[in-house]
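What follows is a single structure, written as structure tokens, with notes after it.
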């Protein structure tokens, strides 16, 4: 008893094209998501480095027990191979024994975009 030849079923060309199109769209979405992740990682790294620059500036003033004059000071610093521009605003306080220092850090290429900042107080030495 021979049941006869079997009919082999497979995917049609149209079904294969639809499946490949769906796969291509999914891979494109994954590529865009990973690209956005890489860009975010670079920005997070720059913000971390800028925060370290601000912390270093404040720690240096406190360690040296600086008594800076009221005003604004600018400078450049490199951290992690990236050049940053910092700005320090020194202001008086109601208590003449203290000064407030605000440090703002940006990349040299984009000086108007603040990536890191820190505020602290200095005590007048010997006071």
Q.
Exactly one condition in (1) farther than 30 Å from residue 121 by Cα; (2) surrounded by 10 or more Cβ atoms within 10 Å (Cβ to Cβ) is false for residue 65; which is it?
A. (1)
Q: Would you mind finding the one in 21, 41 that is farther than 19 Å from residue 103 by Cα and more than 33 Å from the chain's Cα centre (by Cα)?
A: 21
Q.
Looking only at region 92-113, count every residue that is without any contact (Cβ under 8 Å) to a residue 24 or more places away in the chain and under 28 Å from the mean Cα position of the chain (by Cα) and tell me the total.
A. 6
Q.
What's the number of the only condition in (1) farther than 30 Å from residue 116 by Cβ; (2) in a helix (DSSP H, G or I) that residue 7 fails to meet?
A. (2)
Q. Is it the case that residue 18 is touching a strand residue (DSSP E or B) at 6+ places or on another chain (Cβ under 8 Å) and either under 21 Å from residue 125 (Cα atoms) or not in a loop (DSSP other than H, G, I, E, B) (or both)?
A. no
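To keep it simple, each residue is scored yes or no on (1) closer than 30 Å to residue 123 by Cβ; (2) modelled with pLDDT of 85 or more; (3) touching a strand residue (DSSP E or B) at 6+ places or on another chain (Cβ under 6 Å).
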| position | (1), (2), (3) |
| --- | --- |
| 2 | no, no, no |
| 5 | no, no, no |
| 23 | no, yes, no |
| 37 | no, no, no |
| 45 | no, yes, no |
| 50 | yes, yes, yes |
| 56 | yes, yes, no |
| 59 | yes, yes, no |
Q: Identify, by number, the condition in (1) surrounded by 13 or more Cβ atoms within 10 Å (Cβ to Cβ); (2) under 14 Å from the mean Cα position of the chain (by Cα); (3) free of Cβ contacts under 8 Å to residues at least 60 places away in the same chain that residue 77 doesn't meet.
A: (2)
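The values are calculated or read from the model by the stated rules, or taken from the named source; none is laboratory data. Because the structure is predicted, anything quoted here is derived from the model rather than measured. Cβ coordinates were reconstructed from backbone atoms using ideal geometry, including for glycine residues, and neighbour counts include every protein chain displayed.
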